[in-house]
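Asker: Shown below is the structure under consideration.
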Amino acid sequence: MTDTGVALDFGDDGLIPAIAQEVDTGEVLMLAFVSAEAVEQTHETGLAHYYSRSRDELWQKGETSGHVQHVEEIRVDCDGDAILYLVSQEGGACHTGFHSCFHRTIDGDVVGERVFDPDAVYD
């Protein structure tokens, strides 16, 4: 449960998947994980927050790159174990420079647009 009023089931590891979807186009931008604190921060600030499993820490999308996600709405699935952020994305959502993390097919064809040079953004 979060302070948002909707029961969420964070399971044993305290995390649930969160999908970020472009509010205007419906394009799926990324999938990440969120903790209760990440959901609460997102709800309070209107900016997307996630939980990094590799770094074991809360993070705000765009904190380093400036490519923030303005969250227009948070939706919860029927079981309360996944959420959807409907966002307005500034710049690219993918750390590899693409607008969406889902920028290639299973055959390896690039179908997305690179919108920034990651070497110029990240150290």
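Read-outs throughout are calculated quantities, based only on the coordinates presented, and are distinct from any laboratory measurement. Here the structure is a predicted model, which means the values were calculated and not measured. Please note: Cβ atoms are built from the backbone with ideal geometry, for glycine as well, and neighbour counts cover all protein chains shown.
Asker: Please arrange HIS49, HIS67 by counting, for each residue, the other beta carbons lying within 10 Å of its beta carbon, fewest first. Provide the component values of the computation, followed by the final result.
Answerer: Numbers: HIS49 25, HIS67 20.
Least to most surrounded, the residues fall as HIS67, HIS49.
Asker: Could you work out how far the C-alpha centroid of the range 89-123 sits from that of the range 1-44, in angstrom?
Answerer: Using only Cα atoms, the two centres lie 22 Å from each other.
Asker: For the chain, calculate the relative contact order in percent as a whole number, restricting contacts to Cα pairs under 8 Å that are 6 or more residues apart.
Answerer: Relative contact order comes out at 22 percent.
Asker: Taking just the alpha-carbon atoms of the range 78-123, what radius of gyration and Dmax come out, in angstrom?
Answerer: In Å, with Rg to one decimal and Dmax whole: 13.6, 41.
Asker: Further question on the same structure: Please give the helix 36-45 orientation as an angle from the longest Cα principal axis of the chain, in degrees from 0 to 90, rounded to the nearest 10.
Answerer: Helix 36-45 sits at roughly 70 degrees to that axis.
Asker: What percentage of all Cα-Cα pairs in the chain are separated by more than 22 Å?
Answerer: Summing the P(r) of the chain above 22 Å gives 34 percent of all pairs.
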